[in-house]
1. Quick check: Cα centre of region 46-78 to Cα centre of region 269-315, how many Å?
2. What residues have an amide H closer than 5 Å to that of L350, excluding those fewer than 5 places away on the same chain, when H is modeled at 1.01 Å from N in the peptide plane?
3. Would you give the gap between the C-alpha center of region 108-137 and the C-alpha center of region 361-392, rounded to a whole Å?
4. At q = 0.18, 0.23, 0.25 Å⁻¹, what log₁₀ I(q)/I(0) does region 34-130 have when each alpha carbon counts as one equal point scatterer in the Debye sum?
5. In what order, largest first, do D136, D442, D127, D292 sit by accessible area if the probe radius is 1.4 Å?
6. Rounded if a/c is under 1.5, else prolate if a/b is larger than b/c, else oblate: which is region 408-458, with a ≥ b ≥ c the root eigenvalues of its Cα gyration tensor?
7. In what sequence, largest accessible area first, do F360, F238, F114 appear using a 1.4 Å probe?
8. Quick one: how many Å² of H185 are accessible to a 1.4 Å probe, rounded to 10?
Amino acid sequence: MNDHSGPGHRPEDPDGDGRAHGSRPTPLDTTGVGPGDGPRWQWRIWAVLTAALFVLGLAWTLLTPPGAQPDEPQHTQRAWAVWDGQVLAPPTPDGTALLQLPSGLLEMGNVGCFAFFPNQDAGCRADWPLTDDRVDLNNTAGRYNPVYYLVTGLPIRIFEPETGLYLSRALSALVAAGVLAAGLHSLLLLRRSWVGRAAALAVMTPVCVSLLGGYNPSAWEITGAVTGCTSLLLLARFPHHPAVRAWAWCAAVALSLMAMTRIASFVWVAVFVGFAAVLAGRGALVLARRTDVRLAGLVVATATAWALVWQQLAGARDVSVTGFSATLGEGLEASYAASAGWWAQMIGYLGWNDVPPTTFAVWGTVAVVGALLLGGLAVAGRWHRWLLLLALAGAVLLPIVMSAVVYRSVGMIWQGRYNLPLTLLPVLWAALLWDTNPGTDDAVRRRLAGATLVVWVAVTVSMSYTVLKRYAVGLPTDPLSGDDGFLFRPVAWAPPGGVWIWLLIGAAAAVAVALLMSPTAAGAARWLGPAGDSGRRPMRRPVGAPPPARHDQPVHREHDRRPAELGDDPAVDRRER
């Protein structure tokens with residue numbers, strides 16, 4: 001068979017991934033697509049996705065009272081201090097930073113009256129005045145990179161405390177929504193990436209959606225991880241694809257923001273880049289010769305370098321608890337014992353870990369992620385299967401090692417949400433294996449993608465209801481006691497506008513996002529047009545011109561040698577069927 005034939009499961013294709021063993025990706029027949037055609041970034045699609053995700057984040061912003069998100073008081077105080085000029089605050093012996101703040105920011109309306117107590121509603125919150133006096137406070141977020149707070153923290157400084165925090169939450173959600181929308185749009189540039197699109201939402205567990213509406217740099221870290229990881233995997237899998245430039249810049253923006261959020265974020269960036277380089281193989285050399293890819297890499301390297309420089313300037317890694325010390329072995333033992341609980345925390349322990357996930361949220365998420373991983377292992381070729389197993393092993397073992405290193409000086413502070421960026425790597429890779437395997441039936445992938453999206457919407461909506469109930473009336477002591485109809489009676493705490501409006505808006509936004517990513521005619525893929533994904537009409541063959549080349553015929557035109565993703569040419573699909 002000719003070297004330029006289309007992909008498929010062939011005798012010389014032992015890996016079953018559409019390529020001869022050890023070869024570069026095989027070009028598809030791209031007859032009728034000129035050199036200037038191909039999948040292109042469309043800002044209207046990105047804008048609509050950003051708007052839908054922002055509304056979802058805004059709903060969760062208002063469903064949780066001020067200070068109810070994890071470590072939100074510390075991040076609010078850090079934002080106020082940054083915009084007060086206290087960017088590089090003096091360190092303290094216990095690894096925190098000394099800030100001078102108005103006394104009203106210390107308790108944030110007595111958040112401690114309900115935090116960590118799931119049966120206590122948020123009605124015990126007090127007024128939150130902002131006074132002119134200044135007091136000294138040791139802040140655990142005082143050494144964090146200031147970029148997040150410079151972008152989102154100004155409303156906290158200039159408005160009344162609650163109003164400012166809600167507005168800063170909204171700014172944080174807007175940026176995170178834009179980053180996540182870029183990752184979803186990147187997948188739309190890959191025709192028939194149905195499972196990948198669904199998986200990108202499936203990894204946005206209720207914890208991630210909740211952080212999308214909170215004031216915490218983790219929102220940028222997680223959404224940046226989804227988009228950065230997705231874009232790198234697409235680059236590594238399709239280094240000759242016409243959408244390489246869009247993917248490269250999506251990865252650059254997402255990974256740069258990610259590197260400048262938390263102390264450990266640059267480690268996840270290094271893991272993503274290393275995995276993509278191994279996956280790409282010789283394709284990495286193809287990418288390295290492109291100016292746009294080199295510029296994107298320079299942006300990521302600059303952001304990562306700045307994150308490392310900041311850690312040195314602020315002493316962000318010099319954290320310790322006075323009087324506590326342990327060996328690495330003790331840290332490994334303690335981290336291994338705690339790791340079993342991290343998996344549930346990655347799904348649904350919200351707020352101050354005081355909003356437990358529902359049974360449906362746990363098992364629904366486990367079911368769809370398990371189906372993606374098992375299916376990816378089943379359809380992958382030998383080399384890709386080993387890479388998927390390596391990613392799974394890293395998601396399990398690397399957080400234990402990192403937690404053990406931290407444990408030596410501060411004890412057990414590691415939480416499940418810290419592992420989310422690393423855990424999504426094998427899930428997204430398994431989904432792309434589903435989408436790029438030529439032997440997988442389209443109907444099967446459509447059903448899997450549709451089921452994944454339905455479960456994601458149901459889990460997200462059910463957890464938003466649980467969150468609202470927890471803060472409005474408190475969760476019942478007996479989890480099996482059932483619902484008490486709190487939506488139809490007065491409650492101790494209600495979000496601005498009442499208990500109904502943001503619950504319904506959040507549910508509608510989740511449905512809208514799922515529809516935009518769905519494989520049906522309602523999905524956003526229809527916006528990409530009938531030709532190649534470029535939004536242009538197919539080129540008509542002139543009268544008397546020879547018929548287009550088939551998959552089993554050589555490709556003679558130079559621009560037809562560009563590899564594309566599986567099934568990129570609708571005309572070829574019809575001939576094959």
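The values are calculated or read from the model by the stated rules, or taken from the named source; none is laboratory data. The shown structure was predicted, so the numbers you read here are calculated from the model rather than taken from an experiment. Don't worry about glycine lacking a Cβ; one is built from the backbone with ideal geometry, like all the others, and counts go over all protein chains shown. Quick note on the areas: whole protein, heavy atoms, side chains included, nothing else; ligands and nucleic acids left out. Shrake-Rupley method; radii C 1.70, N 1.55, O 1.52, S 1.80 Å.
1. 29
2. V355
3. With region 108-137 and region 361-392 each reduced to a Cα centre, they are spaced 43 Å.
4. The Cα Debye sum returns log10 ratios of -0.97, -1.17, -1.25.
5. Numbers: D136 100, D442 50, D127 140, D292 15 Å².
Solvent-accessible surface, decreasing: D127, D136, D442, D292.
6. Working: a/c = 7.17, a/b = 2.29, b/c = 3.14.
Oblate, since a/c reaches 1.5 and b/c is not below a/b.
7. On the way: F360 100, F238 20, F114 0 Å².
The most accessible residue leads, giving F360, F238, F114.
8. Accessible area, nearest 10 Å²: 0 Å².
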